[in-house]
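A short worksheet on the structure shown next.
Every read-out reported here was derived from the displayed coordinates using simple, explicitly stated rules and does not represent laboratory data. The shown structure was predicted, so the numbers you read here are calculated from the model rather than taken from an experiment. Counting neighbours? That spans all protein chains shown, and the Cβs are built from the backbone with ideal geometry, glycine included.
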Amino acid sequence: MNTAPLPTAAPAPEGLLSVRDVCIGYGTKIIQKDISFDVARGSIFAVMGGSGCGKSTLLRSMIGLLRPLEGTYTVDGDDYWHGPDSHRTALNRRFGVLFQSGALWSSMTIGENVALPLEMFTHLDRKSIRQLVEVKLGLVGMIDAIDLYPSEISGGMKKRAGLARAIALDPDVLFFDEPSAGLDPITSARLDDLILTLRDGLGATIVIVSHELSSLFNIADNGIFLDPVTKHPIAHGSPRELRDHCDNQTVHAFMNRQASVTEITPDKNADQRQENSK
Amino acid sequence: MQREADTPEWKVRNESGQLVVELTGHWTTDCLSIPSFTPGIFQNIPGNRSLSFDCTKLNDWDTSFISFLWTVLREADNAQIKVDTQGVPPSAQRLIALLPSQFHEAPSHRRKPPQVLHALGSGVTKALEVIGTTVLLGWDTLRSGFAPKRGQGRMRIRDLLSDIFDAGPSALLIVSIVNFLLGCILAFVGAVQLRKFAADAYVANLVGLACVRELSAVLTAIIMAGRTGGAYAARISTMLSNEEIDALRVFGIPVTSYIVLPSIASLMLMMPLLYLYGCLMSMIGGFVVTTGMLPSVTGIGYWHQTFGAVNLQQFEFGFTKSIFFAIMIGLISCQIGLNAGRSAADVGKAATSAVVVGIVGIIAMDAFFAVIAMVIDI
């Protein structure tokens with residue numbers, strides 16, 4: 001939600017999301033641990049790393065689909081996993097999520113997909129909901145597809161429709177899981193612009209999980225890099241900083257699109273890191 | 001209750017020849033409705049051809065505000081009024097820039113309700129098409145069953161065994177329960193009625209004949225249509241939506257050999273056995289109720305009466321029917337699965353269709369067999 005009149009200068013960064021000493025796993029098996037970072041209000045935060053490094057697992061934990069074994073997530077100082085399910089449900093209404101495949105409900109039209117959260121969580125009349133659905137779809141350039149079913153549109157359109165649904169309730173935080181995956185470079189660049197515009201226009205904070213470097217360099221303000229072997233964070237900073245100034249071989253190789261050091265020249269620290277993680 | 005100062009409001013004022021839309025209050029989706037802008041408000045205003053916004057008294061806003069602004073901008077565009085959006089918060093300007101300047105509601109993609117004749121014609125055409133594709137699928141499956149040797153798209157035995165286990169042993173429990181209860185019900189109804197005519201012993205005839213000739217075969221087939229046919233349709237349509245079927249076709253692996261043949265063959269092998277097992281269970285059900293309800297009928301008497309009433313020909317008839325039921329269930333479920341859509345909803349539709357069409361088909365085929373039985377005097 002925005003407040004007018006808008007300040008002329010950008011506000012000082014303020015932590016909206018805070019992740020502290022989080023340990024993620026299934027049962028007794030620990031997958032990731034020692035994860036700590038803050039996401040500033042109004043910023044775009046990237047969770048980076050190669051395939052299989054646990055980016056999506058971390059995201060699932062942040063949006064309430066996977067309870068962490070240890071540690072805390074706070075949203076505006078409110079402990080996300082503390083309290084009953086209703087507490088998390090209330091916090092989740094401040095979240096919007098764009099899933100990797102769009103995750104549109106196949107039995108509904110695109111318009112109905114966007115309308116459902118508005119029907120469930122607002123008291124707006126049908127006409128107002130229809131107006132809002134048109135605006136959301138208009139923002140992502142999908143207004144002509146309002147009466148189409150997900151099976152009738154392309155992969156890129158599904159992503160944009162998923163984005164329209166994610167912003168249906170004007171969320172404070174938007175989570176994107178691999179938004180550029182499977183898109184051509186032009187569509188991907190347009191989606192990046194759209195994300196930036198929505199961030200600026202809606203004032204939302206964005207957490208993005210991706211390994212698409214061009215997108216990350218374009219849009220992310222800050223982020224963490226997950227180790228492909230141990231799946232723990234090994235670097236913090238903006239993608240550009242990590243590319244230009246990070247000393248870690250794995251991070252440097254990844255951010256500069258070099259063949260993986262773990263494959264070509266074994267990372268001497270990897271074994272030690274994996275040992276430590278056990 | 002919403003305070004008056006919070007209520008989203010708008011008004012148009014004329015400031016020395018320029019129209020100004022003034023917006024006040026909280027413009028958020030927490031309200032009950034987004035205020036509507038009067039259509040055509042700009043059409044009858046002479047001379048004033050420019051419009052600006054005054055948002056100095058605007059409080060919180062979200063996309064409901066953008067929605068209203070968009071409506072105003074489209075109205076202004078229709079009236080060919082020049083618009084200055086400087087008064088709008090800059091972030092709202094960025095969002096407005098993403099929206100098309102005009103949006104005419106596209107004609108709905110949804111189909112209009114069809115007329116009766118049209119619906120009838122399409123229904124018949126579709127039914128013929130389904131019958132045609134099912135027959136073709138059956139023919140292809142039959143041919144793939146005779147693929148001479150390995151390397152020519154032959155069915156994998158592992159798949160056949162897996163399907164046999166699913167269609168046979170896994171279905172034993174439900175077939176047992178349903179057929180046992182069927183025998184119990186028939187015996188109970190028969191006992192109540194036949195006792196009036198002192199024909200207690202003929203309860204065994206009733207249960208035996210009804211189950212062996214008709215009910216065990218039909219009921220077992222209905223169970224298999226619901227349990228196995230629905231599962232086949234759902235599995236194949238899921239494979240279709242995951243592009244697994246496309247992958248088979250691209251590799252040139254015949255879908256009939258890989259999927260359809262094991263499904264039909266397993267049902268053909270298991271259904272007759274389940275029919276025989278179902279007959280036994282229903283007779284046991286009848287035995288339990290008859291000997292419990294009618295003291296005049298002994299256990300040995302019941303079985304003696306049953307074997308006297310039911311001859312081998314009756315079993316052969318039921319056995320043959322169950323083979324045809326198996327072929328039909330397998331073909332229909334595979335055909336529906338292979339022609340399903342590619343979404344999650346289509347998987348559910350395919351499973352439902354397979355069960356419904358399968359059950360209707362079983363009843364229709366049983367009626368056909370009844371006519372044949374009458375003609376050949378079984």
Net charge contributed by nearby residues that have their C-beta within less than 12 Å of A:Arg67 (K/R +1, D/E -1): 0
Within region A:136-174, the residues whose backbone N lies under 15 Å from a label point placed 7 Å from the Cα of B:Asp77 along the Cα-to-Cβ direction are A:136-144
Can you work out the PRE-style zone for B:Ile323? Point 7 Å along Cα to Cβ, and I want the residues of region B:329-362 with backbone N under 19 Å. B:329-332, B:362
Using a simple charge model, +1 on the beta-carbon of Lys and Arg, -1 on the beta-carbon of Asp and Glu, nothing else, what dipole does the protein assembly as shown show about its Cα centre, in debye to the nearest 20? 1860 debye
Nitroxide proxy distance, nm - points 7 Å out along Cα→Cβ at A:Glu241 and A:Ile186: 3.6 nm
Using only the alpha carbons of region A:86-200, what is the convex hull's orientation-averaged projected area in square nanometres? 7.1 nm²
Which is farthest toward the positive dipole end of region A:87-176 among A:Pro150, A:Leu139, A:Met120, measuring Cα position about the Cα centre, with Cβ charges +1 (Lys, Arg) and -1 (Asp, Glu)? A:Met120
For B:Ser33 and B:Gln86, compute 0.36 nm times the residue count separating them, minus their Cα-Cα distance, and round to one decimal in nm. 16.5 nm
Karplus ³J(HN,Hα) for region A:203-211 (6.51 cos²θ - 1.76 cosθ + 1.60, θ = phi - 60°; Hz, whole; x = Gly/Pro) runs x, 7, 9, 10, 10, 10, 9, 7, 10
Helix-only estimate, please: 222 nm mean residue ellipticity of the protein assembly as shown, summing -39500 (n - 2.57) across DSSP H runs of length 4 or more and dividing by its residues, to the nearest 500. -16500 deg cm²/dmol
What number do you get for the protein assembly as shown when its Cα radius of gyration is normalised by 2.2 N^0.38 Å, N = residues? 1.32
Once you keep just the Cα pairs under 8 angstrom separated by 6 or more residues, what percentage relative contact order results for region A:127-175? 41 percent
Kirkwood hydrodynamic radius of region B:118-376, from inverse mean 1/r over distinct Cα pairs, in Å: 19.7 Å
Electrostatic dipole magnitude of region B:4-98 [Cβ: Lys, Arg +1; Asp, Glu -1; Cα centre; debye, to 20]: 420 debye
What spacing in nm lies between the two simple spin-label points modelled at B:Gln93 and B:Lys196, each 7 Å away from Cα in the Cβ direction? 9.2 nm
For the pair B:Val371/B:Ser170, report the inter-label distance in nm, with labels modelled 7 Å from Cα in the Cβ direction. 3.6 nm
At R0 = 60 Å the Cβ-Cβ FRET efficiency linking B:Glu316 and A:Leu213, nearest 0.05, sits at 0.25
What GluC sites (Glu not before Pro) does region B:184-262 have in DSSP loop regions with at most 16 other beta carbons within 10 Å? B:Glu243
Take chain B, connect every pair of alpha-carbon atoms lying under 10 Å apart with a spring to form a Gaussian network, then pick out the residue of B:Thr24, B:Thr290, B:Thr352 with the largest mean-square fluctuation. B:Thr24
Report, as a whole number in µm² per second, the diffusion coefficient that Stokes-Einstein gives for region B:4-98 at 25 °C and 0.890 mPa s using the Kirkwood radius over alpha carbon pairs. 181 µm²/s
Alpha carbon centroid spacing (whole Å) that separates region A:102-148 from region B:260-331: 55 Å
List, in the order given, every pair from A:Lys159/B:Lys126; A:Lys136/A:Lys159; A:Lys33/A:Lys159; B:Lys321/B:Lys349; A:Lys29/A:Lys159; A:Lys55/B:Lys349 whose Cα-Cα distance in the structure shown is over 23 Å. A:Lys159/B:Lys126; A:Lys33/A:Lys159; B:Lys321/B:Lys349; A:Lys29/A:Lys159; A:Lys55/B:Lys349
When we measure straight from the Cα of B:Lys82, which aspartates and glutamates land under 20 angstrom away, once same-chain ones fewer than 8 places off are left out? B:Glu15, B:Glu22, B:Asp54
